[in-house]
Structures are given as C-alpha cells and as structure tokens.
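Below is one structure, written out as structure tokens; comments come after it.
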Amino acid sequence: MTQSKKKHIPILAIISILIGIGFILYVFTPLGKSSWGKNTSGGGKISVTTTMPSNLGTIPIGGGKVSTKFSFQNTGNSTLAILNGQTSCMCTVANIQKKWESLSPTITMPMGQGSTSTLLNITLAPGETADLIAIFDPMAHWPNAIGPIKRDVILMTDSKETPEIRFSFLGNVVR
C-alpha cells in the first residue's frame, strides 16, 4: 500500500464512525422531538387541580425544609409524556409521584453552563393523576436570606396544549 493511501484510512474510519453515530441518534430520537428537548406531538393536556400559587405562609429560617403538594391530571384524549423538569432556584427540589408508584428522579435547578433539566420520561394516560411535591430549604441561601419568596417548578411535556407547566409557591422567610 502506498503512503498516501495509508493516510486516508484513519480519515475514512473517523467519517464512518461519525455517520454511524448520526444514524443511531436519528433512529433513537422520538418522532416530533427537536434537539432542544421539546416534544409537541401529544394530544394529552395537564390540568392542575390544586390552587396556585400555593402559599407556604411564614417560614422560619432555622425551621427546616417545608413542602407543598400540587395535584394534576391528564385531561387530554391521549397519553401525555412529562419529558423533563427544573426548579427556579437551588433552594427548591421536587419529585413527581403517580398513585402506587415510587418517586420520580429529583427535579433540581440546572447548575452551570451546559447543564440540563432533569430527565423524567413519565407518562400519564388520559384521566390519570399525579402529584408534584416541591420542597423548599430556607437555609439554602444562608442564615440572612429572609423575606418574601416565589419559587417555581417547571415541567416540559409532549402536549400541544400544555408543552410547559409551572407550579408556583410563595412564602415569607423570617428569623
């Protein structure tokens, strides 16, 4: 084999590998899903059955974590997928729980450049309900972080009608 043909073999191998990776990504990406993680192909619809925003009232800074629960339902005519979620602040985490099932992965705030929302991949059949449990830690911002708060938990779905839903709560952190 000549010297120039030997130089082309590694380049061809790299090109073949890249084409293979592209094919795998194409095949395993759900239809209707963009590269940004939004999927709006579903006929499901989230309807929140809990009053929002939830008011946690007065929260003592040293009193420990507090939680609130939001109930929601798929009121659409087809299965709804909850793709991912995130919180609006590092002081808040959340989980989703369907009846008789364990908690979802913990939903957190994406931290730092390049970080992403928490992947969930939870499905709700038409009429099925679930709860979102949000937990607020008043000490997450140190002992002097007092005053009114408003926090959100944001879920992204495959729904055409409700591609994003925010669960909000308020409170007042005091000494």
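Since every read-out is calculated from the coordinates, none of them should be taken as a lab result. Worth saying up front: this structure is predicted, and the values here are computed from it rather than measured. As a convention, Cβ positions derive from the backbone with ideal geometry for all residues, glycine included, and neighbour counts pool all protein chains shown.
Calculated FRET efficiency, THR50 to ASN144, Cβ-Cβ distance, R0 = 30 Å: about 0.40 to the nearest 0.05.
By per-residue mean of other Cβ atoms within 10 Å, what is the highest-first order of 42-54, 113-125, 150-162? Before the final figure, lay out the partial values.
Working: 42-54: 16.5, 113-125: 13.7, 150-162: 20.6.
So the peptides 42-54, 113-125, 150-162, ranked by packing, come out 150-162, 42-54, 113-125.
Of LYS69/LYS160; LYS99/LYS160; LYS45/LYS69; LYS98/LYS150, which pairs sit farther than 23 Å apart, going by alpha carbon to alpha carbon? Result: LYS69/LYS160; LYS99/LYS160; LYS98/LYS150 exceed 23 Å. Normalised by 2.2 N^0.38 Å, with N the number of residues, the alpha-carbon radius of gyration of the range 46-174 equals 1.07. Rounded to the nearest Hz, the phi-derived 3J(HN,Hα) couplings of the range 54-65 under the Karplus curve 6.51 cos²θ - 1.76 cosθ + 1.60 (θ = phi - 60°) are 6, 10, 7, x, 7, 10, x, 4, x, x, x, 6, where x marks glycine and proline.
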